[in-house]
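Below is one structure, written out as structure tokens, with a few remarks after it.
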Amino acid sequence: MRIGVDIMGGDYAPAAPIEGAILALKSLGPKAGITLIGDETLIRSELQARGQNPEAFSIVHTDQVIGMEESPTKAVASKPRSSINVGLGMVKQKALDGFVSAGNTGAMLVASVMGLGKIEGVMRPTIGALIEIGEGRKALLCDVGANVDCKPEVLMQFGILARVFLESVHKIQNPRIGLMNVGEEEGKGPEAIKLAHQLMKGTDKFRFVGNVEGRDIYRGHADAYVCDGFTGKVVLKFGESMYELLKSRFPADDFIETFNFENYGGVPVLGVKGISIIGHGISTAKAVERMILSAALAAEGELVANIEAAFASFQSDN
């Protein structure tokens, strides 16, 4: 198992990615190899400052970095030696089983789609987020920002991608897929949502449980909640703000910590030909560790191959 880590990306780079990689190596043990991608001199200095032997990691030197405020498309095209491009290039070449970065989200998404390529049949790859819904259970919310406006057919495909992800990585068999809407009734919502409902209602590609509302997420009405990226990003950011508020008011309540995004790492970009995990820009060492562990689980669960098989079946039926 070989996972690459972008040491130059994120608000707390290089410290957080370095420390996260150290934690992940301890968690994964000798079965894993972690490759640190970035400025080699800086990487060795950071490791030695923490009493770590640089030889415990593979190091790939790069001399370009995509900044957090740069235009994603321009930066990906103009900086071929950036840590993001190099890491995803190694995934494409099968030199890595997965790559994680807390750097420029747009650049990671563009490089994942353009560099790795879309799986045949996938109209639009999606990014999702895991949400703790109590009693140790998690739910997937997708999309959370990659596609702010979606056609019905795209939302339908998100349901397939969500199903395969939950089955492959989290071992949830026949997960329940819900469609986010302003009400449970079939006739409610924008036209695109109503048309998506009809497509999902008649499919045998996943277990559709109908329309769901925002309040249903923490009630556990589904295992995955499908929506456009605009809606998903609003829900995600609201949840993060509630964690910060509750933690500040009730610091001794351990239950509140279950809502901390750092606990869950990231979800791979679903629909591309490789494992690529986009982390939060404010990812700490703990969050980076979880991202690396998530990438390893996705690779071990043969996520990409399973999505390819699901869409080959989907295309043959349509």
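The values are calculated or read from the model by the stated rules, or taken from the named source; none is laboratory data. Because the structure is a prediction, the values reported are computed rather than measured. When we count neighbours, we look across all protein chains shown, and the Cβ atoms used for this are built from the backbone with ideal geometry, even at glycine. With ligands, DNA and RNA removed, areas are computed over all heavy atoms of the protein, side chains included. Shrake-Rupley method; radii C 1.70, N 1.55, O 1.52, S 1.80 Å.
Side notes on the structure shown:
- Sub-9 Å Cβ pairs linking a first residue in segment 49-77 that is over 20 Å from PRO30 (Cβ atoms) to a second residue that is assigned to a loop (DSSP other than H, G, I, E, B) and open to solvent by 60 Å² or more (accessible area, probe 1.4 Å), at least 6 apart or interchain, are THR62/ARG81; ASP63/ARG81; GLN64/PRO80; GLN64/ARG81; MET68/ASP11, ordered by first then second residue.
- Check on LEU28, within 25 Å of the chain's Cα centre (by Cα), surrounded by fewer than 21 Cβ atoms within 10 Å (Cβ to Cβ) and in contact (Cβ under 8 Å) with a residue 12 or more places away in the chain: yes
- Check on ASN181, at pLDDT 95 or above and under 19 Å from MET291 (Cα atoms): no
- Of all residues in segment 50-64 being at pLDDT 95 or above and aliphatic (A, V, I, L, M), the one that is farthest from VAL113 (Cα to Cα): ILE59
- Residues located in segment 235-267, provided they are over 16 Å from the mean Cα position of the chain (by Cα), open to solvent by 50 Å² or more (accessible area, probe 1.4 Å) and touching a residue at least 60 places away in the same chain (Cβ under 8 Å): PHE259
- ASN85 being polar (S, T, N, Q) and part of a helix (DSSP H, G or I): yes
- Scanning segment 207-234 for residues that are surrounded by 18 or more Cβ atoms within 10 Å (Cβ to Cβ), under 25 Å from ALA102 (Cα atoms) and of a type in the set (Val, Ile, Thr) returns VAL226, THR231.
- Selection count, segment 128-167, where residues are modelled with pLDDT of 90 or more, not small (Gly, Ala, Ser) and not in a strand (DSSP E or B): 21
- Selection count, segment 56-104, where residues are hydroxyl-bearing (Ser, Thr, Tyr) and open to solvent by less than 30 Å² (accessible area, probe 1.4 Å): 4
- Any hit, segment 150-168, residues being of a type in the set (Gly, Ala, Ser) and on the phi > 0 side of the Ramachandran plot: no
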